[in-house]
Every structure is written in structure tokens, then in C-alpha cells.
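The values are calculated or read from the model by the stated rules, or taken from the named source; none is laboratory data. Since the structure is predicted, the reported quantities are computational estimates derived from the model, not experimental observations. Every residue, glycine among them, receives a Cβ derived from its backbone with ideal geometry; neighbour counts consider all protein chains shown. Just so you know, the surface numbers come from the protein's heavy atoms only, side chains and all, with ligands and any DNA or RNA stripped out. Shrake-Rupley method; radii C 1.70, N 1.55, O 1.52, S 1.80 Å.
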Amino acid sequence: MTGQYDLVVIGAGIHGAGAAQAAAAVGHSVLVLEQSGVASATSCRSSKLIHGGLRYLESGQFSLVRESLRERDILLRVAPQLVRLVPFHIPVYRHTARRPWQIRAGLSLYAMLGNLRRHAWFAALPRAQWDDLDGLATENLQAVFRYRDAQTDDAALTQAVMRSAQSLGAELVMPGEFLGAKRTVKGYTVRYRTSQGEAESHCMALVNAAGPWINTVLARISPQLPATAIELIQGAHIVLDGPLQRGVYYTEAEDGRAVFVMPWRSMTLVGTTETRFHGDPATAMDGGSAEREAVSEWDFLHWTNAGAVFPPQVRPQTTEVEYLLRTFRHYFPERDARVRDQFAGLRVLPLAEGAVFHRKRETLFPTDAPQQPRLVSICGGKLTGYRATAQKALALLAPALPARIRRGDTRTLQLGP
Ligand SMILES: Cc1cc2nc3c(=O)[nH]c(=O)nc-3n(C[C@H](O)[C@H](O)[C@H](O)COP(=O)(O)OP(=O)(O)OC[C@H]3O[C@@H](n4cnc5c(N)ncnc54)[C@H](O)[C@@H]3O)c2cc1C
């Protein structure tokens, strides 16, 4: 198989699907290479929230929150069957670190950044309603705030975005493992493996949307590009028996982190953790041992070598499951806490000092050249902001791409289940 495309996208998680949709919408010819399945990695292991990220206000990330709220509103419009508003509750107990006035101030700011739309309003629930909150513990409870944010099915959303890209002409090769790319005068020659064997295509520009594999992909590009300074942070979830009737609960775990307790397919989803990994994954792949923080005991071996979805090593650890269960039992002591399922994913965060929880969540877009880049990598990001992220990646590549006739606008293209 050979072909000539304006753009080749590596990876069909939410960012690859988003980049393909955005490029196809402005008329580009697009090839997407996905080694295993659409939404088979991080994009099916998130907390499934389409939200502004209330807690990011504490670290002053106002523009991220504003952008996420804007994107949430777009998704509520274009994907009403996939993204829906849900009541969120913040219980404040005598021991809770954030005081009621702080929550009120945060929610007011959140509402303002959401342009004070009708669904941006929040309220303190009257005491008479506290017993009706899915068995939430009421001892020492001082206040419960209710506001609204959105939930989705992350895999279904990603698949819908990918289908939208395909309906605009994007081609998906799956399995299609990216093997390497060589810079040419007019772009890149890309080599990949399909079920029929190896193939080659030419493109004017390349998007590296390989998520946690971002550096594995970069290492396959010639001339050689520097690896991006990132770290991978495992986030685990547990799924418990029994549905929640009233919506999502935003609880404070013993270490002050936020843990969400959420309704999910007639069950209860609890997450997430943040387990940081040290060491060089490449060394681990060669058989060396990566250093890990004491909280995690999982084996990083073979990680960068993973040909398919996450290797079995990416799984919730006993310490993570216990931490989530302890948090759940603390707030819902009477509820069933049988673990039905559990899963973990890896966040890509720019390498930095400090506690992961308080770290800025900006998305980076390293390129192959400061001027007129032909390769951009998407590093980090959120499910919620995938559309804006895709626009930013494409804006960087725009000078290298020819003008085409627009076929659609991602702000209005409908996404169906
Ligand atoms: C625990 C956790 C909870 C989260 N919760 C939320 C949330 O509630 N709300 C929110 O907005 N965001 C959330 N996020 C963030 C969000 O899930 C991620 O930012 C997003 O899913 C990343 O998508 P991606 O496309 O970059 O990566 P991925 O989904 O990992 O996709 C990368 C794809 O690239 C493919 N690939 C890799 N190498 C190759 C190759 N050589 N050839 C071909 N294909 C290749 C992989 O198979 C994979 O399908 C969460 C993240 C985590 C980890």
C-alpha cells in the first residue's frame, strides 16, 4: 500500500481521532495509523468526566478551566447522546480541608468562567435533603454543595469522533503500527505495518498522537528528534456493585486529593489515584529495573515495547485499590463495597518538580522545527479539551499544509453513538 496524504496521524485515541476530524473538516486528506484499536489505551481508562476541572482553580489554571468549560458546552451541543450534564456534590465535613466559604468562592468563579450559563449555577443543599444522597455519611457534615458538570463514555466518544473523521474522508488503518518516518523535502515518508504486511505512505505533515507512547514514536523518526521530557502517572479506578441515584460525589481523600465517586453503567466508579514512575522506561525494557515511588509496586518492564494496548503491568495496585476503597467506605459506610472491576491508565505529564496533584495540566506541542514544522506531538491533554487541542496542533502545521475546501466545522459536526 502506498499513498500520498496531506496528514498522517499516529494513534486513534481521543487526540488522534480529534486531529483527524479537525484536518478532514478543513478538507485535508488524512491517514490514521492505529496499532490496536480506536480508544484502546488511555482514552477508555479515564474518569469519563467532561468538565472544566474545578480543582484546577486552586492552581490558578483559569484559562484551562475556561477552555474546558467552553469545550464541555460544545460537546453538550454536538454530542447530546454521549455527553450529559450530571449533578455533582461536594460534601464538606468538620475535618474537610477546604472550608464552605472556599468551596462557595471556587464554585462562583467556576460559574463565572462558564459564562454564568444556566447550568453553571450551584447551590448549597438544605439539610433536609442530606439523607437522600445515596447513603452519604452525615455525621459531622457541615454543608453539601451541588453544581453541574458532564459525564461521557470515553471510548464511545472517541469512536464517534473517529467515525466523524472517516465520514469526512479520513482513512483509518487498523491494525496499523507506525514503524518509522523519514523527513523528505516535502514532508515525511512513513512506514507502517498492517495485517497484510509493511506499507509506505507520503505526507506533508505528521501528528504524533501516541499518548504514553509519544517518545517511542519520536525515537522512530529520522533525522533523530529529542525525546520529550515527560513522566507517566498511573491513575487507577475501581468499579463497585450498586448504582448511585443522585449523581457524582467529589470527595476529599485522606491525603487531601480529590477522589470522585460516580454513577457508571448501573454501578459505581471510584477514582482516581496518581502514582508516579521514575527511571528510564527504555532501560526497563532492556531488563533494568525502573525505580518507583514506594506507593507503587507494579512492574514497568516491557512498557515501551508494548505493541498493543497497555501491557498487563498497567493495572491497579493493591495499595491503590485499598486507598480508593478506604475513601469510598469513609464517605459511604453503609454501601456495598464489592469490587466488580478495576482498571488503570497512564497520564502523560510534562516533567516537573512537585506533587503531581497540584501540577499544572497544560498540553505541550513539541515540533520537529521551530519554523514551519511538519511534525507535531500532542503531549498531555484532556479528553474534555480534545477538540481545542486538535485545533492547536493543526494551527502549528498549517503553514506546511495546502489550503483545501472546507467540509465541516468541528464546533457543529454532530457526534452520534
Ligand atoms: C486515570 C485517568 C483519568 C482521566 N480522567 C479524565 C477525565 O475524567 N476527563 C478528561 O477530560 N480527561 C481525563 N483524563 C485524560 C484523558 O483520558 C487523556 O488525556 C486522553 O485519553 C489521552 O488520549 P490520547 O489520544 O493522547 O492517548 P491514548 O488514548 O493513549 O491513545 C494513543 C493511541 O496511540 C496508539 N499508538 C501508540 N503507538 C503507536 C504506533 N507505533 N503505531 C500506531 N498506533 C500507536 C495506541 O494504541 C493508542 O490507541 C484522564 C487520564 C487518566 C490516565
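Points to keep in mind about this one:
- Karplus (6.51, -1.76, 1.60) ³J(HN,Hα), θ = phi - 60°, over the stretch 248-255, in Hz, Gly and Pro reported as x: 9, 10, 9, 9, 10, 6, 4, 9
- Summarising the label geometry, the points placed 7 Å from Cα in the beta-carbon direction at D336 and L364 lie 4.5 nm from one another.
- Gain on full stretching of the segment that runs from K392 to L325 - 0.36 nm per residue minus C-alpha separation: 20.2 nm
- Charge tally for Q102 (other residues, Cβ to Cβ under 15 Å; Lys, Arg +1; Asp, Glu -1): +3.
- Estimated vicinal HN-Hα couplings, Hz - the stretch 7-18 in sequence order (Karplus 6.51, -1.76, 1.60; Gly, Pro = x): 9, 10, 10, 9, x, 10, x, 4, 6, x, 4, x
- Theoretical FRET efficiency, 1/(1+(r/R0)^6), r = Cβ-Cβ of A123 and R315, R0 56 Å, to 0.05: 0.90
- For the stretch 192-203, backbone phi angles converted through the Karplus equation (6.51, -1.76, 1.60; θ = phi - 60°) give residue-by-residue couplings of 8, 10, 10, 5, 8, x, 7, 9, 9, 9, 10, 8 Hz, Gly and Pro being listed as x.
- Amide H to amide H distances under 5 Å link S36 with G176, where only residues 5 or more positions off or on other chains count and H is placed in the peptide plane.
- Neighbours of M267, meaning other residues whose beta-carbon lies under 13 angstrom from its beta-carbon, give a summed charge of +1 when Lys and Arg score +1 and Asp and Glu score -1.
- Over all other residues within a Cβ to Cβ distance under 9 Å of T189, the charged ones net out to +2, with Lys and Arg as +1 and Asp and Glu as -1.
- Choice from L375, L179, L397 with maximal GNM fluctuation in the chain (Cα, 10 Å cutoff): L179
- Of the accessible area of the chain, computed with a 1.4 Å probe over protein heavy atoms only, carbon and sulfur atoms account for 52 percent.
- Placing pseudo-labels 7 Å out from each Cα toward the beta carbon at D409 and R98 gives an inter-label distance of 3.5 nm.
- Summed over the residues of the chain and divided among them, the accessible surface reaches 43 Å² per residue at a probe radius of 1.4 Å.
- Alpha-carbon centroids, the stretch 229-245 and the stretch 144-179: separation in whole Å: 19 Å
- GNM on the chain, alpha-carbon springs under 10 angstrom: the most fluctuating residue among D134, D154, D255 is D255.
- For the chain, the average shadow cast by the Cα convex hull is 19.8 nm², which is a quarter of the hull's surface.
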